[in-house]
Amino acid sequence: MQGDNDAALEYFERTVRTQPGCLTAYIAMSQVLQQVGRIEEAEVVLKQVCGFAFDHPEVWSALSRVLFRQGKLEEAVDTIKFAMKGGPEGKFK
């Protein structure tokens with residue numbers, strides 16, 4: 001099982017290097033990181049993605065789930081509210 005996770009991480013890392021705009025790869029990579037107990041790394045990855053894909057609520061939602069799993073409840077709620085609002089530009093007001 002660990003070999004599968006390692007292979008998946010390699011695949012997603014390669015994908016984000018060659019296709020840095022592929023948000024699905026970043027989200028999937030964060031999910032694998034969580035599965036192998038590297039949840040803090042998953043948070044870092046998603047926060048970086050939010051920096052350039054700030055108007056994609058699926059990224060904010062994934063970050064909110066990671067924060068929630070770490071017990072960072074207030075930050076998780078604020079993050080999901082931000083996603084529902086439409087990011088920093090408030091596209092969904």
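FYI, it's all coordinate maths here, none of it is from the lab. None of these values were measured; they are calculated from a predicted model. Using ideal geometry, Cβ is built from the backbone for each residue, glycine included, and neighbour counts are taken over all protein chains shown.
Points 7 angstrom from Cα along the Cβ direction at Arg38 and Asn5: gap in nanometres?
My value for the distance between the label points is 1.0 nm.
What percentages make up the Cα-Cα pair-distance distribution of region 1-82 when the bins are 10 Å wide from 0?
Going from the shortest bin to the longest, the percentages are 20, 51, 25, 4.
For Lys81, list the aspartates and glutamates whose Cα falls under 15 Å from its own Cα; do not include residues on the same chain fewer than 8 positions away.
Straight-line reach from Lys81, under 15 Å: Asp55, Glu58, Glu89.
Under the 0.36 nm per residue contour assumption, what length would be gained going from the current alpha-carbon distance of Glu74 and Phe52 to full extension?
Separation in residues times 0.36 nm, less the Cα-Cα distance, equals 5.6 nm.
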